[in-house]
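Read the structure below first, then the notes.
Any read-out appearing in this document is the output of simple, stated calculations on the displayed coordinates, not a laboratory observation. This one's a predicted model, so the numbers in the text were calculated from it and none came from an experiment. Here the Cβ positions follow ideal geometry from the backbone for every residue, glycine too, while neighbour counts run over all protein chains shown.
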There are 2 protein chains.
Amino acid sequence: MLKTSIAPDGKEYPLPTAEENEKERLILEQITKEQRALGRKIVAVQGLGFVGCVMATVVADAEDSNGKPVYYVHGHQRASARSYWKVPMINTGVPPVSSSDEEVPQIFHRCVVEKKNFRATSEDFVYTLVDVVVVDIQLDATKPAFGEAEKGYCDLSAFREGIRTLGSHIRPDCLVLVETTVPPGTCEKVVKPILEEEFIKRGIDIVKNPPLVAHSYERVMPGEHYVASIRDFWRVFSGVNEKSIELCREFLTNVLNVEQYPLTQLDHTNASELSKVMENSYRATNIALTLEWAKFAEQIGVDLFKVRDAIRKRKGTHDNLLRPSLGVGGYCLTKDPVLANWAMGALFGLEGSLDVAIRSVNINDTMPLHTIELIKKVYPELRNLKVAVLGVSYLENLGDTRHSPSKTLVEFLRKDFALVKTHDPYVEAWPELEESVVEREYDAVLPEADVVVFAVGHDQYRKLKPEFVVSSTGKKPLIVDCSNLLNDDTIAAYKALGCKVKGVGKGHI
Amino acid sequence: MLKTSIAPDGKEYPLPTAEENEKERLILEQITKEQRALGRKIVAVQGLGFVGCVMATVVADAEDSNGKPVYYVHGHQRASARSYWKVPMINTGVPPVSSSDEEVPQIFHRCVVEKKNFRATSEDFVYTLVDVVVVDIQLDATKPAFGEAEKGYCDLSAFREGIRTLGSHIRPDCLVLVETTVPPGTCEKVVKPILEEEFIKRGIDIVKNPPLVAHSYERVMPGEHYVASIRDFWRVFSGVNEKSIELCREFLTNVLNVEQYPLTQLDHTNASELSKVMENSYRATNIALTLEWAKFAEQIGVDLFKVRDAIRKRKGTHDNLLRPSLGVGGYCLTKDPVLANWAMGALFGLEGSLDVAIRSVNINDTMPLHTIELIKKVYPELRNLKVAVLGVSYLENLGDTRHSPSKTLVEFLRKDFALVKTHDPYVEAWPELEESVVEREYDAVLPEADVVVFAVGHDQYRKLKPEFVVSSTGKKPLIVDCSNLLNDDTIAAYKALGCKVKGVGKGHI
């Protein structure tokens, strides 16, 4: 039976056969030879996820002073049923991610079809051919218990395997540039030793040829400036030795907009790895703080969002203050403090923990339960309560559902037997909660709703007329605003229509 | 026996007698009459502490479009042995606070001596004469146990008494503008009811004449821009009713630089009170987070200050990230989260607490113990260890010792029988730790020191040559840098001289 990989659009791609792989190796060799003849260096990007696939195009798109490509890029994705479809899709010039950034399809088309210096493959052999590998393997934190991030850990096995593949293939002078967000210590204590082991197995003298390992983290923001957030933004980097640092600086200088956004070099990969997880912990903590104050504000008649605006007037010292909402989602703020906390013990054998950051993750993870409390103030019994949840992505105006707080909201509502329908104009599929159909029409979720939860601040929801929402339900539903989506006028309009209104951080309602 | 009040410069002032007070009342009446004839409104400032005395001059200094003073200002300070000296001192045109801001003596001289529209008094009778009272009564949080800020409370009795004095004196149409940082709820639940009670006692119809109460908090920074930080900066305000809000806006518009720094009005005094304590809680939490990461960084060879610089490159989203140090001092960050947490239960009868903020206060309060841990890594036994602590103020280049973390450091070192000497070029007296002589000469603290702690980042300390420090001790002392005062070169120089060096957040040493 032929194994296949199914793309989100439903198209099936058979996984490559041994014979096809053999052909592929010849193709890879041939391409590489041709490209070297053109004076280009050869780069592989390992892992074509949210970061890797776009990073690969940014590298391919880099030009020298004569407007010629500096690099040829092989994107590598393993031939798994889950992800292989990305390889043939990319090779037609189509991005494997959907985005509101117009530059995404443009840059894929430009590199794959026009410049012809970016191509995807699933063949590990590719690593024997390259000067630089950019590691973009996905790496997640596992939280075994809800609201107990202190028990969270990081399963490095797939990551280790990916690095071992590199160690058994790359030339000793190939730079391994880790771009994945990793637990602090990973380059020094995981990547370097594995590469050394594999080099030794291959008879390479690691004293003469110590592995070249660097770390530089991206600060990608999926959204309207997806590509720019990788290319035109501040970068921090370091390496395990001088040569690694030098090669990494050269590579990033060629690839990124370092004139406008000069590079920041740190003394050690530990520092660069720590920097990434600390910057996200800073934001996670910041949000957790606001939730506590939101609860207080709600009980004393205060609109915390107006307070926040007042505080943020102090530019440079107070304008980073974030805001409360349904909860915290996405791939970074939910896991990065856990990676750091886990690394303390697991990679460094240290006692102690990052309490402030970890408690903040717990507050953030359990935040959606506060919205359920708001509902219960009006409907103490959730059983058979009809709830329309508007918004299931983790951020406004985006279709990304990774670690979305709406998932927690929906799951806990259903646990108490509420009848929940979900809606999101941006979401095509909700893989994290597959049993939930995400509707795109209001008609499919609003009729008969007892409660309408504005879970995410999509602009589209902001524009919804109270008359429309209320008449669509055919009731006087409870309106719950989790994202400061309703202003004082809209709230007054809902009340004039006989609705009760509640809101996270909105005590003045 | 004549009671006296002794100024910090040692000069004694006898407290006023009953006879003098009677004369003073006549003077106050006469002045006020004359000033009203000049078309000026009359303002009292209640409490001439760090904020009140400078705020009084800012009000007096305000001019109309013709360059004429808008207000006459009576500064009021109770005739206590502790504080009465401020009254006669101010009335000679001399500020009762020392400051590095040149504008402080200038504005006092200008208003008291030249414009003659600011004068201090200790006579409560003054409140019968005024249109506006600005309340600047000191209000502190009490933390009954070290490192247990959750038990902290706010003793409002002196504050209540001050407000009661106003209630029994002011005209019903006088605006009471609370500028003191107060627990959220204070204007509504403390100030307004007390004024109502006193009004009723005086036969005033509080339905026709509801007390006029507003709240607007300052954001003063003692230091080079002391006066400007009050006058030329963002202000938030609110009031308990429309009339209060209107009068408060008018007053602040006359007095402050609202063209460059427009006012922010909030819906309720609860909101404005909460805003102040939340903005300081934001910073307290931010610092607590960095301490945890500093400890981690120290153990894995990372310089957290360089990491911080790297993170702060992200302007607008990450540049508020603060830095670890010896600890957190001053009057605001140490107490404001406690005021808020206490108000939840005490003023609103609510359950719950502001955990993130309160835990942060605990981390910050106990932070100086971490510096002792650093010392113990080299000297496990503190008994008879000679420690020179350089810096006892709570902030660099400032003589303010209020809630200074150096106090905790010195106390805990002495508890373990270390022999501690303290030095600070800016500090004239250390009232919080009177048994400690604060030296101004290095010769008085460095000779024979086993440990030199750079506790505060005064510029003067930053410029100290390692050769000078080491030769002054006559030993190879352990150098402890709590404030990122030493750069990599200075550290190398100390090491070359045979010293060990440790530093908060400096794992690369």
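If R0 is taken as 30 Å, the Cβ-Cβ distance between B:GLU148 and A:ALA145 corresponds to a FRET efficiency of 0.60. With respect to chain B, whose longest principal axis is taken over its alpha-carbon atoms, helix B:157-167 is tilted by about 20°. Report the net charge of residues surrounding B:GLN106, where surrounding means a beta-carbon distance below 14 angstrom and charges are Lys +1, Arg +1, Asp -1, Glu -1. Computed value for this residue: -3. Extending 7 Å from Cα along the Cβ direction at B:VAL258 and again at B:THR128 yields two label points whose distance is 3.2 nm.
What is the Cα centroid distance between segment B:145-208 and segment B:9-73, reported in whole angstrom? Result: 22 Å between the Cα centres. Between B:GLU428 and B:GLN30, the contour length at 0.36 nm per residue exceeds the Cα-Cα span by 139.4 nm. How would you classify the protein assembly as shown from its alpha-carbon gyration tensor, with a ≥ b ≥ c the square roots of the eigenvalues: rounded for a/c under 1.5, else prolate if a/b is greater than b/c, otherwise oblate? Oblate shape, in that a/c is at least 1.5 and b/c is the bigger or equal ratio. Summing charges over neighbours of B:GLY316, with a neighbour being any other residue whose Cβ is under 12 Å away from its Cβ, gives +4 when K and R count +1 and D and E count -1.
Helix A:336-346 and the longest principal axis of the C-alpha atoms of chain A enclose an angle of approximately 60°.
Using a 7 Å projection from Cα along Cα-to-Cβ, the label point at B:THR17 is separated from the same position in the remaining copies by 11.8 nm, smallest value first. Expressed to the nearest 5 percent, the antiparallel share of DSSP beta bridges inside the protein assembly as shown is 20 percent. Assign one of three labels to segment B:359-509, namely rounded, prolate or oblate, based on the Cα gyration tensor with a ≥ b ≥ c the square roots of its eigenvalues; rounded applies when a/c is under 1.5, prolate when it is not and a/b is larger than b/c, and oblate otherwise. In terms of gyration-tensor shape, rounded. Considered as an equivalent ellipsoid built on the Cα gyration tensor, segment B:438-480 has semi-axes of 15, 12, 10 Å, the largest given first. For A:GLU428, the point set 7 Å out from Cα toward Cβ sits 7.3 nm from its twins in the other copies, listed from shortest up.
Relative to the current alpha-carbon distance between A:SER80 and A:THR4, full extension at 0.36 nm per residue lengthens the span by 26.5 nm. Relative to the longest principal axis of the Cα atoms of chain A, the long axis of helix A:355-366 lies at roughly 60 degrees. With a Förster radius of 60 Å applied to the C-beta separation of B:GLU246 and A:LYS201, the computed FRET efficiency comes to 0.15. Considering only Cα atoms, the convex hull volume of chain A works out to 166 Å³ per residue. A simple spin-label model places the labels of A:ASP232 and B:LEU38 5.8 nm from each other, with each point 7 Å out along Cα-to-Cβ. Distance between the modelled labels on B:ASP309 and A:LYS476, one decimal in nanometres: 6.3 nm (7 Å Cα→Cβ projection). For the Cα trace of segment A:306-405, dividing Rg by the Kirkwood Rh returns an Rg/Rh value of 1.06.
Chain A residue nearest the rotation axis toward B, with distance: A:ASN320, 2 (Cβ to axis, whole Å).
Legend: mean number of C-beta atoms from other chains within 10 angstrom of residue C-beta atoms, peptide B:332-345, equals 1. With one equal scatterer per alpha carbon and no solvent term, the Debye-computed log10 I(q)/I(0) for segment A:57-173 at 0.13, 0.14, 0.23 1/Å reads -0.65, -0.73, -1.31.
Every pair of different Cα atoms in segment A:4-268 enters the Kirkwood calculation, which places the hydrodynamic radius at 18.9 Å. In segment B:303-350, the inverse of the mean reciprocal separation of distinct Cα atoms equals 13.4 Å; this is its Kirkwood hydrodynamic radius.
Between B:PHE468 and A:GLU448, the FRET efficiency estimated from the beta carbon spacing at R0 = 56 angstrom works out to 0.10.
Take the alpha carbon gyration tensor of segment B:284-324, find the square roots of its eigenvalues, order them as a ≥ b ≥ c, and report rounded if a/c is under 1.5; if not, report prolate when a/b exceeds b/c, else oblate. Taking the square roots of the gyration eigenvalues as a ≥ b ≥ c, segment B:284-324 is oblate. Entry note, chain A: the mean residue ellipticity at 222 nm calculated from DSSP H runs of n ≥ 4, each adding -39500 (n - 2.57), is -11500 deg cm²/dmol after division by the residues and rounding to the nearest 500. The listed peptides B:479-488, B:206-215, ordered by packing as a protection proxy, come out as B:479-488, B:206-215 (highest mean of other Cβ atoms within 10 Å first).
Between identical copies, the spacing of A:GLU246 label points, each set 7 Å from Cα toward the C-beta atom, reads 7.6 nm from nearest to farthest. Summing charges over neighbours of B:ALA346, with a neighbour being any other residue whose Cβ is under 14 Å away from its Cβ, gives -2 when K and R count +1 and D and E count -1.
For peptide B:266-276, the mean count of partner chain Cβ atoms within 10 Å of a residue's Cβ comes to 6. Over 20 Å apart at the Cα level, from the set A:LYS11/A:LYS86; A:LYS306/A:LYS502; A:LYS502/B:LYS151, are A:LYS502/B:LYS151.
For segment B:223-352, the spherically averaged projection of the C-alpha convex hull amounts to 11.1 nm².
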